[in-house]
1. Please work out which residue is surrounded by the most Cβ atoms within 10 Å (Cβ to Cβ), limiting yourself to segment 79-103 and to residues that are of a type in the set (A, V, I, L, M, F, W, C) and closer than 15 Å to Gln38 by Cβ.
2. If you go through segment 71-107, how many residues are assigned to a loop (DSSP other than H, G, I, E, B), of a type outside the set (A, V, I, L, M) and over 13 Å from Pro24 (Cβ atoms)?
3. Among the strands (runs of 3 or more DSSP E) contained in segment 1-70, which hold 1 or more residues that are at pLDDT below 80 and within 25 Å of Thr88 (Cβ to Cβ)?
4. Give segment 81-91 a look and list any residue that's modelled with pLDDT of 95 or more and either under 12 Å from the mean Cα position of the chain (by Cα) or of a type in the set (D, E, K, R) (or both), or say none.
Amino acid sequence: MVLDLRPPVGAFTAAFARSATVTPVGGTAIVADVIWEQEPLEPASQQVGASPSAVANHRLLAYVRRDEVSTLPPGSTIAGGPEHNQKTWRVHSIDASDPDYHIAAVT
């Protein structure tokens, strides 16, 4: 038996998650809590001569709980988003390294 010493994610989800409609490719729409994060791209990927405040140098990540949405392949959609940018997002790629969340890069 493996002892899981990670803190519960319920309080974190309650504080930072926003409700969104997640539709996996070929699946049905599911209302789920999604945590949104803008991640800066590495310097080599940034635009030459862009001002430090250029938002084009960030990618948007959506953290979708695996216990709410079992599968989230590229091409799936997420309707919602950060409060300042609500729209329908398409999953571009998935980072499967987190045991609790699908970490989806969306465009």
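1. Among those that are of a type in the set (A, V, I, L, M, F, W, C) and closer than 15 Å to Gln38 by Cβ, it is Trp89.
2. Count: 11.
3. Counting at least 1 such residues, we get 30-40, 58-65.
4. Listed by number, the residues that qualify are Lys87, Trp89, Arg90, Val91.
The values are calculated or read from the model by the stated rules, or taken from the named source; none is laboratory data. It should be emphasised that the depicted structure is a prediction, and the values quoted were computed from it without experimental measurement. All Cβ positions, glycine included, derive from the backbone under ideal geometry; neighbour counts span all protein chains shown.
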